[in-house]
Every structure is written in structure tokens, then in C-alpha cells.
1. Which of the numbered conditions does B:Pro95 fail, given that it passes all the others? Conditions: (1) buried (at least 18 other Cβ atoms within 10 Å of the Cβ); (2) touching a Gly at 6+ places or on another chain (Cβ under 7 Å); (3) in a helix (DSSP H, G or I).
2. In this structure, does B:Arg75 turn out to be touching a residue at least 12 places away in the same chain (Cβ under 8 Å) and within 22 Å of A:Ser56 (Cβ to Cβ)?
3. At least 1 residues that are of a type in the set (Phe, Trp, Tyr) and more than 14 Å from every other protein chain (Cβ to nearest Cβ) in each: list the strands (runs of 3 or more DSSP E) lying fully within region A:4-99 that qualify.
4. Can you report the number of residues in region B:75-92 which are within 12 Å of B:Asn11 (Cα to Cα) and either modelled with pLDDT under 95 or over 14 Å from the mean Cα position of the chain (by Cα) (or both)?
5. State yes or no: is B:Asn57 over 18 Å from B:Thr131 (Cα atoms), surrounded by 19 or more Cβ atoms within 10 Å (Cβ to Cβ) and out of contact with any Pro (no Cβ under 7 Å at 6 or more places or on another chain)?
6. Residues to consider are B:Val6, B:Val69, B:Val43; find the one that is among the β-branched types (Val, Ile, Thr), touching a strand residue (DSSP E or B) at 6+ places or on another chain (Cβ under 8 Å) and within 16 Å of A:Gln19 (Cα to Cα).
Amino acid sequence: MAFHVNREGDVTVLDVDGQLIVGNRQELKKAVLDELEKGERKFLVDFTNTGYIDSSGLGVLVSLSKKIREQDGELRLASLNEDLRTLFELTKLDTLFRIADSREEALEGF
Amino acid sequence: MERELVFELPNDLGCIEEAVEFVVGRCSTCQEVARKLRLNFRVSLVEALSNAMIYGNGRDPHKRVRLEVTMEMGRVVARVTDQGRGFDPDCVPDPTTPRNLTKEGGRGLFLMRQLMDDVRFNEQGNSVTLTLHLSDGEALRGKASA
């Protein structure tokens, strides 16, 4: 897994390439928490190039969302493929996150 | 024709992705079952291996995890065994309740049960056998959405 951190206005965008699973989830967590520490409050994780996520990856997103909300920020998700959407629906996490079909849609009104 | 793969994996979370990709790559497949292998089997295997390494073996680097995969006509069966004392799988709470939805952990066994056709533990609770049927035309999205 590799990820890239970009800026779209005042939104921090993280592109996740590959798998977000138990062996690498801490890298994403650290990257987001570092940005949160610097004062960033709006975060978007773009899954356009993500293969699959396991429960640890889902758990990291839940944990980050909670920490960001505690700082009056927001974490949005975008561009989930069919497999990822299925995992979010099975675990009901689709009710916890704002999930957009595309990066552009997620950035609208952020 | 039946094929069997057997691995003794080190208790290292970093080796899970490679092991799972190797196994999935060895499963003979056609288009109609590709998604079941890619989503249901792959994610469940990651969950079983990570549970074995983290909870079963307690992250002990000196312990190992045994992975046995059998590919038969129409189904794939994976058995993951750790060297821990085992646990009671019936005591794991439902992670989709409002109380548990915002917790970071607790979704691994739930996902296995949703994505596989059968999830069975031995009496000790340190070995889980996952079975996925590949040719029965069932919905691919897991039992919950079927």
C-alpha cells in the first residue's frame, strides 16, 4: 500500500493505492493524525486505486473519523469500488460516513 | 481434481498480504467466480490470519500460524490454526449494533461469517475452517445482502 497526500483548497486529500489492511493501516493513521496535529480539519480519503480493505482498515477509518470529529473536523470518503461498498454496507459503516461517488462530489460544499 | 496448499507462516502481520495473494492466485478460476475469490475469500483469509497472529498467538514472534487450503471442484476450503489457547467465538458481539458501530475493532469474525458460506471453529477455538462455494450461482455480495 502506498498513499499520497494532496491539498484541494483547505481539504487534505489522501489517495490510497493498493490494499488497506492489518499490515499497513498504521501508515495511513499516522499520516492523517500528523495533518490533524498541524491544524488541518477537512479530510478526504479517495479509494479510486484501492483494491480491498479488511476489518483493520475499516477500524482505522472509524477511529480517525472519531478523532477528527472531536477536533470539529470531518472525514469524507470517495470513489469506493463495488467490493469496498459491499464491505461498508455489510458492516453498516455506510451509515457512519459521508461517501461520495467521486472526488469532485466529495469536495463540493466541503 | 483436488489441490492442497500448506504453509507455516511466521507470526508477522507483514506477511499476510503476500500469503493471501499467493493463495488467491493459485485458485483456478473463471470470470463468474472471480469476484467471490477477490472479495469474499481474500478478505476472509486476511481476517482469519490476522486474528490468529494478533489474538491467537498474542503477537508472539516465536509462534507460527498454519494455513491449509484445499481447492476442490466447486469450492475452496481454508483452515487457519494458531498456537494460542483458543477462544469462544460465540462470545464475540455484533459490531453493527449502534453501541458497537463506532468501535475500532471487532469486525473480523463478523466479516468472515458474512462473506463465507461456512465458518467453523474447533472445540479449543484456535483453528477456524472457512468454506466458500464457487459454482452454485449464489449472490456474491454476502449473505446479509442476499
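The values are calculated or read from the model by the stated rules, or taken from the named source; none is laboratory data. Small disclaimer: the values here were computed from a predicted structure and weren't measured. Don't worry about glycine lacking a Cβ; one is built from the backbone with ideal geometry, like all the others, and counts go over all protein chains shown.
1. (3)
2. So B:Arg75 fails the test.
3. A:42-46
4. Qualifying residue count, region B:75-92: 2.
5. yes
6. Only one candidate qualifies: B:Val43.
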